[in-house]
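Heads up, the thing below is written out as structure tokens.
The values are calculated or read from the model by the stated rules, or taken from the named source; none is laboratory data. These numbers come from a predicted model, not from an experiment. Virtual Cβ from ideal backbone geometry, glycine too; neighbours counted across all protein chains shown. Accessible surface areas use protein heavy atoms only, side chains included; no ligands, DNA or RNA. Shrake-Rupley method; radii C 1.70, N 1.55, O 1.52, S 1.80 Å.
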Amino acid sequence: MSDTVSRDQIEAARAVVADVVRPTQVIESRYLSRVTGGTIALKTENLQRTGSFKLRGALNKIAQLDPETRGVVTASAGNHGQSLAYAARARGLSATIFMPERAALAKIAAARESGAEIVLRGDSVAVCVEGAKAHAEAEGLAFVHPFDDPAVIAGQGTIGLELLEEVPDLSKVLIPVGGGGLAAGVAAAIKSSREDVEVVGIRSLCPLADGIAVKQPGEITGPLLDRLLDETLWVDEDSIADAIMLLLERTKLVVEGAGAVGVAALRRAATAPAMSGTTVVILSGGNIDTGVLADIARHHETERGRRLRVFTTIPDEPGSLAALLTRLGEGGANLIDIAHVREAVGLSVGQTGVELVMETRGPDHTERILATISEGGYSAKVLD
């Protein structure tokens, strides 16, 4: 195994994948540029076919297999498996994907929809890799590593070639790092002609960033990252959740946790944009469960004072709830949910508890609603 992926290998990969992979847009973010003081652009691999960059490496690897190969086997937290399934179907091969038992439901479903057989195994990609290798050997199939393979790395590196062409004043690139296939490939492509471009890897092991929750790079990607990355940074889960919502609200882009780590690093000032030229953040994927996105949105609204959850008590008699709701309506609250609570809350005889969830226009409006409740003679306990 070589610790080098050449520009020629990456150029060859671009020709191989061109019939399926779409070159993704680079979009300037005026908001991020304004708040960070630099010129920030987003490479939208979340809009790639299959919802992530992984299709590039999967297609390139399949192209290098023996023509007699009947099918492929891999291990994946989701995006690589989904992309390999898509690529295998496009090339007429079967695909078996070993995935952690807690893999995102959306990614499992998407891989199945592409015709792959899904095997849920263990709690990590590392465990799945061992199972996938054993299955491939037993069945005479080709094992495709999710990141530690020169052909996969070269395929991911085609993003770097696109950036060199799309961003003439490219100065800095922020890249998610899990196993390191994306970062190694992109860095190899960029550094092959522009040594002056700063390439920064962003890591996280939190569950929200499951796509990059790999404890260490591989035997091939490790040395490449050591040589090619200028810096590696870490971001936490709260920063990632904030970045996901920022991208949704400000750019109208749905991005999964692993894909949002570069924006998280900028937002929390873990790294600064280039002093001149353009800083590009690679949004590596958009495959996020809608339930997870909804949870993040609810938490975000609460944190910003735009969502209020309150517990109060009212007399347990006809008309009491209507009176409370009339008062809230006069205060301009938008009621989302309401529930009677009668047990385990220490109520007096003749009382009933009421839990209210409301949308507000911000912190000031929230305070006015709470005052309105109190002025009506009700208690108001704010719930997390």
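Order of 208-214, 312-318 by packing, highest average Cβ count within 10 Å first?
Packing order, densest peptide first, comes out as 208-214, 312-318.
Beta carbons within 10 angstrom, averaged per residue: use that to sort the peptides 367-379, 92-104, 144-156, 220-232, highest first.
Going by the mean number of other Cβ atoms within 10 Å, highest first, we get 144-156, 92-104, 220-232, 367-379.
Given H placed on each backbone N at 1.01 Å, which residues far from Ile202 in sequence or on other chains put an amide H within less than 5 Å of it?
Ile175, Val177, Leu233
Put +1 on the Cβ of every Lys and Arg and -1 on every Asp and Glu Cβ in the stretch 1-131; which of Ser52, Ser29, Ile97 then has its Cα farthest towards the positive end of the dipole?
Farthest along the dipole direction, towards plus: Ser29.
Can you tell me the dipole magnitude for the chain around its Cα centre, using point charges on the Cβ only (Lys, Arg +1; Asp, Glu -1), in Debye to the nearest 20?
Using Cβ point charges on Lys, Arg, Asp and Glu, the chain gives about 560 debye.
How much accessible surface does Leu266 have with a 1.4 Å probe, in Å² rounded to 10?
Per-residue accessible area (Leu266): approximately 10 Å².
Using modelled amide H (1.01 Å from N, peptide plane; none on Pro or chain starts), what sits under 5 Å from the amide H of Gly285, excluding residues fewer than 5 places away?
Those qualifying (amide H under 5 Å, at least 5 residues apart or on another chain) are Asn46, Glu256, Gly259.
For the chain, calculate the relative contact order in percent as a whole number, restricting contacts to Cα pairs under 8 Å that are 6 or more residues apart.
16
If you count, for each residue, the other Cβ atoms within 10 Å and average over each peptide, how do 78-89, 29-40 line up from highest to lowest?
Per-residue mean Cβ counts within 10 Å order the peptides as 78-89, 29-40.
For the chain, what does -39500 (n - 2.57) per DSSP helix run (n ≥ 4), summed and divided by total residues, give at 222 nm, in deg cm²/dmol to the nearest 500?
Here the helix-only value at 222 nm equals -12000 deg cm²/dmol.
Over the stretch 254-384, what is the relative contact order in whole percent, taking alpha-carbon pairs under 8 Å and six or more residues apart?
28
Please report the relative contact order for the stretch 1-62, taking Cα pairs under 8 Å with a sequence separation of at least 6, and give it as a percent rounded to a whole number.
31
Skipping prolines and chain starts, which residues have an amide H placed within reach, meaning under 5 Å, of the one on Asn334, given they are 5 or more residues away or on another chain?
For Asn334, the qualifying residues are Glu359.
Ratio of Rg to Rh for the stretch 189-237, alpha carbon only, Kirkwood?
Rg divided by Rh gives 1.02.
Using the eigenvalues of the Cα gyration tensor, what equivalent ellipsoid semi-axes result for the stretch 49-182 when each is taken as the square root of five times the eigenvalue, whole Å, largest first?
Semi-axes, largest first: 25, 17, 13 Å.
Given Cα positions, please report Rg to Rh for the stretch 1-112, the hydrodynamic radius being the Kirkwood one.
When Rh is taken as the Kirkwood radius, the ratio is 1.05.
Cα-based count: Lys pairs in the chain below 29 Å, eight or more positions apart or different chains?
Number of lysine pairs found: 26.
In the stretch 276-312, which trypsin sites (Lys or Arg not before Pro) are in a loop and have at most 14 other Cβ atoms within 10 Å, using DSSP for the loop call?
Answer by residue number: Arg304.
Please give the FRET efficiency for Arg194 paired with Glu166, using the beta carbon to beta carbon distance and R0 = 22 Å, rounded to the nearest 0.05.
The calculated FRET efficiency here is 0.95.
Dipole of the stretch 130-211 (Lys/Arg Cβ +1, Asp/Glu Cβ -1, origin at the Cα centre): which of Gly180, Pro168, Gln156 lies farthest to the positive side?
Farthest along the dipole direction, towards plus: Gly180.
Taking the alpha-carbon set of the chain, what are its Rg and Dmax in Å?
Spelled out, the Cα radius of gyration and Dmax of the chain are 24.9, 80 Å.
For the chain, with every protein chain kept in place, what is the accessible area per residue (1.4 Å probe, Å²)?
44
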